Amino acid sequence: MVRCLARASASAPGAAARVELKRRLFDLSHSVLMEIMEQTRNTYSDDADEDMSKEAREMKEIIEEIIPLVGVANRKLADVVKRRNLFFDKMIDAERQKLKQLERKKGEVDASDSADEKMGMIGVMLSLQKTEPDVYMDTFISALVPNLLGVGTETTSTTMEWAMSLLLNHPDVLKKAQEEIESIVGGGRLVDKNDLPRLPYLHCIISETLRLYPAAPMLLPHEASTDCKIHGDCKIHGYDVPAGSMILVNAYAIHRDPATWKDPEEFRPERFEHGRAEGKFMMPFGMGRRVCPGENLAMRTMGLVLGALLQCFDWTRIRDAEVDMATATGTIMSKAVPLEALCKRRANMSAVLQKI
Ligand code: HEM
């Protein structure tokens, strides 16, 4: 993505390219997940405008066909879902072939030991079929893959879109994050995953974004498995919850509770600095046994992507007016108006940007 943006800004009038950040961030999150599933990275083309693999592009086209048809139960939807399933079957077969080749090379060595390194997630699950055939069935794998793509893509990309929107409306925060990256990473190389623990202010920006705009504001519906009573220092203390009740947790309201957060509506990443928000109640990824299993992946992806965007480019709004922060309706809290912005290469990164 950085390469595409660098090229676009180099040829734009005034060296400032107008970027559809919503689409870019969605494509990137999708591409990251596809890469995790089947290690498609090595098939990337050198084409300047190509920022995802062939397989990721095909899958994205299928998803884009499915989205407007969901809820409209009709033949068209059945057709495209069939196409999607065929695509996944092909993907699983290709991974199976790769695993076989790997096993041949390794002779009698247990392939599951080496699979994590060389294979994508599908390959790892296929190698586990040997030891746990009842769990890692093909049907299980082909159900899990679209599920992860479905829940992992838009949540991550929407959160990054909110973060960029907040930064565009708070240029002082944006500048402070750039200064942090400049002093810790410098301009001689791209930020990488090992830098993330050393970029606390960037982390505060992500936390503050997740507080204000949790991608799943009502988490996922839960169900009380037994009769229970709510205890605690809260308005619903003493309530009975019968077994079988559907529970919706309003994380959005909890994150903006003035009893916990000073000026809760304000975007102020500093509130998380030096562990100041420790112990305060926040649950953008849910909690307990059904907590989001993608939290680590999402935090790393968001850290790396936002870090690289801020390190390599200066960002400004398209117009003088503030970015519209209205939310759209739906289970995922996305922006009503897709984010666009102007990006310009940063002078201290020009040597790096020329090489990538
Ligand atoms: C910023 C990004 C993300 C946010 C805010 C987020 C948030 C959530 C939330 C709130 C839940 C429900 C937890 C509950 O009800 O207690 C959830 C569940 C889940 N998430 Fe995420 N998620 C994100 C990224 C991801 C990614 C990248 C993946 C995987 C690729 C993922 C996979 C899942 C799965 C599989 C579940 C269901 C878990 C279960 O029901 O046991 N999520 N996520």
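The values are calculated or read from the model by the stated rules, or taken from the named source; none is laboratory data. This one's a predicted model, so the numbers in the text were calculated from it and none came from an experiment. Note: ideal-geometry Cβ built from the backbone for every residue, glycine included; neighbour counts use all protein chains shown. Quick note on the areas: whole protein, heavy atoms, side chains included, nothing else; ligands and nucleic acids left out. Shrake-Rupley method; radii C 1.70, N 1.55, O 1.52, S 1.80 Å.
Miscellaneous remarks
- Residue that is away from the ligand (no atom under 16 Å from the Cβ), out of contact with any strand residue (DSSP E or B) (no Cβ under 9 Å at 6 or more places or on another chain) and part of a loop (DSSP other than H, G, I, E, B), where the choices are GLY238, GLY186: GLY186
- Test: residue in the stretch 284-291 that is within 14 Å of the ligand (Cβ to nearest atom), over 20 Å from the mean Cα position of the chain (by Cα), among the basic types (Lys, Arg) and open to solvent by 80 Å² or more (accessible area, probe 1.4 Å): yes
Residue by residue, here is whether (1) free of Cβ contacts under 8 Å to residues at least 40 places away in the same chain; (2) within 8 Å of the ligand (Cβ to nearest atom); (3) touching a Cys at 6+ places or on another chain (Cβ under 9 Å); (4) part of a helix (DSSP H, G or I) holds:
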| residue | (1), (2), (3), (4) |
| --- | --- |
| SER127 | yes, no, no, yes |
| GLU132 | yes, no, no, no |
| VAL135 | yes, no, no, no |
| ILE141 | no, no, no, yes |
| ASN147 | yes, yes, no, yes |
| SER157 | no, no, no, yes |
| ALA163 | no, no, no, yes |
| LEU166 | no, no, no, yes |
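- Any hit, the stretch 257-278, residues being assigned by TED's automatic domain parsing to the domain that holds ARG198, within 15 Å of the ligand (Cβ to nearest atom) and either part of a loop (DSSP other than H, G, I, E, B) or at pLDDT 95 or above (or both): no
For (1) assigned to a loop (DSSP other than H, G, I, E, B); (2) under 24 Å from GLU20 (Cα atoms); (3) open to solvent by 20 Å² or more (accessible area, probe 1.4 Å); (4) at pLDDT 95 or above, each residue gets a yes or a no:
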{"residue": "PHE281", "(1), (2), (3), (4)": "yes, no, yes, no"}
{"residue": "ALA321", "(1), (2), (3), (4)": "yes, yes, yes, yes"}
{"residue": "GLY330", "(1), (2), (3), (4)": "yes, yes, yes, no"}
{"residue": "VAL337", "(1), (2), (3), (4)": "yes, yes, yes, yes"}
{"residue": "GLN354", "(1), (2), (3), (4)": "no, yes, yes, no"}
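- Checking SER9, SER53 one by one, the residue that is open to solvent by less than 70 Å² (accessible area, probe 1.4 Å), more than 17 Å from the chain's Cα centre (by Cα) and modelled with pLDDT under 85 is SER53 and no other.
- Residue that is most open to solvent (accessible area, probe 1.4 Å), among those in the stretch 193-223 that are more than 9 Å from the ligand (Cβ to nearest atom) and at pLDDT below 95: GLU223
- Which listed residue is surrounded by fewer than 16 Cβ atoms within 10 Å (Cβ to Cβ) and modelled with pLDDT of 70 or more, from ILE67, ILE62, ILE92, ILE122: ILE67
- Residues (surrounded by fewer than 17 Cβ atoms within 10 Å (Cβ to Cβ) and farther than 12 Å from ALA15 by Cβ) located in the stretch 341-352: ASN348, ALA351
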